[in-house]
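Let me begin by presenting the structure, written as structure tokens, before commenting on it.
The values are calculated or read from the model by the stated rules, or taken from the named source; none is laboratory data. The shown structure was predicted, so the numbers you read here are calculated from the model rather than taken from an experiment. Glycine gets a Cβ as well: all are built from the backbone with ideal geometry, and neighbour counts include every protein chain shown. Surface accessibility is based on the protein's heavy atoms, side chains included, excluding ligands, DNA and RNA. Shrake-Rupley method; radii C 1.70, N 1.55, O 1.52, S 1.80 Å.
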Amino acid sequence: MRFTLFAVGILGAALAQTACKRDSETSSPSGECDGMCGRGTRCDGKLCVVDYSQDICASPETNETPVVPMKPPITSWGECFEDRSTMPKFKPVDDKSIAQFDPDAARRVDLNGNGGDEQLNEAVLNSHMRDVEYAINDCLAKAACYQGSSLPNGRIDFTFRLMGTGKVESIAVAAPAGLSVFGIIPCARKAVVDHVFPTYDGPAMTVKYNIEIGGSD
């Protein structure tokens, strides 16, 4: 699974650390330092010098992406485990009520200016999208059962707009012909929209990701 995230704010891991100051000495404006030596220094004659016996290193601050528990990756995509002879007549998922993702609408600026600038980080999105992948795989497995054969290799691309309420507002799914059979696309669209993501106080996020489907023997 590969992600591309478009949102206000910066996602991903970053590390910021305050270095320890190692100046050899600091000039004093007058004799005996005049009480000018600050934290981490001491007066030596007429100079403020670094006192290495003091703890002058600030605690490092990090904003590393946290580790979020997630389900194991799917290793077998689109395998039919049902008895085909007992399956009901095929009926595709009705996704007419699900809005199609519009990139122009996603670029419009929210003129209200309300809310914060929070965004979901990549670790949280990865964890939740793994849950969604399991639902998408159910769509693929059902299609394979109705088709009566394995699905071909290929890639399915998803683009959706995620709101601060944790709900998906709109979604577009693109797949090759071999992975568009027996309602895979409407089923996959509904799988993403039905998932509830965590809420956050910030603008909508446009999320792009894809899954690679391997054929099975």
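If you check G116 against the conditions, is it on the phi > 0 side of the Ramachandran plot, assigned to a loop (DSSP other than H, G, I, E, B) and within 22 Å of the chain's Cα centre (by Cα)?
Details: on the phi > 0 side of the Ramachandran plot: no; assigned to a loop (DSSP other than H, G, I, E, B): yes; within 22 Å of the chain's Cα centre (by Cα): yes.
So G116 does not fit the description; no.
For (1) at pLDDT 95 or above; (2) open to solvent by less than 40 Å² (accessible area, probe 1.4 Å); (3) more than 24 Å from M87 (Cβ to Cβ); (4) under 17 Å from the mean Cα position of the chain (by Cα), each residue gets a yes or a no:
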| residue | (1), (2), (3), (4) |
| --- | --- |
| N121 | no, no, yes, yes |
| Y146 | yes, no, no, no |
| S150 | no, no, no, no |
| I171 | yes, yes, yes, yes |
| G183 | yes, yes, no, no |
| P203 | no, no, yes, yes |
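Would it be correct to say that T159 is outside any helix (DSSP H, G or I), among the β-branched types (V, I, T) and open to solvent by 70 Å² or more (accessible area, probe 1.4 Å)?
Details: outside any helix (DSSP H, G or I): yes; among the β-branched types (V, I, T): yes; open to solvent by 70 Å² or more (accessible area, probe 1.4 Å): no.
So T159 does not fit the description; no.
How many residues are part of a loop (DSSP other than H, G, I, E, B) and surrounded by fewer than 19 Cβ atoms within 10 Å (Cβ to Cβ) if we restrict to the stretch 185-201? Talk me through it step by step, then tell me what you get.
Initial filter on the stretch 185-201 (part of a loop (DSSP other than H, G, I, E, B)): 195-201.
Next cut, surrounded by fewer than 19 Cβ atoms within 10 Å (Cβ to Cβ) only: 195-196, 198-199, 201.
Result for the stretch 185-201: 5.
Being within 17 Å of I74 (Cα to Cα) and polar (S, T, N, Q): is that true of S180 here?
On the way: within 17 Å of I74 (Cα to Cα): no; polar (S, T, N, Q): yes.
No, not satisfied.
Is there a residue in the stretch 119-126 that is part of a helix (DSSP H, G or I) and among the acidic types (D, E)?
Going residue by residue through the stretch 119-126, those that are part of a helix (DSSP H, G or I) are 122-126.
Subset that is among the acidic types (D, E): 122.
Checking the stretch 119-126: at least one residue is part of a helix (DSSP H, G or I) and among the acidic types (D, E).
Name, by its number, the condition in (1) open to solvent by 100 Å² or more (accessible area, probe 1.4 Å); (2) more than 18 Å from C187 (Cβ to Cβ); (3) acidic (D, E); (4) at pLDDT 85 or above that does not hold for D83.
Failing condition for D83: (1).
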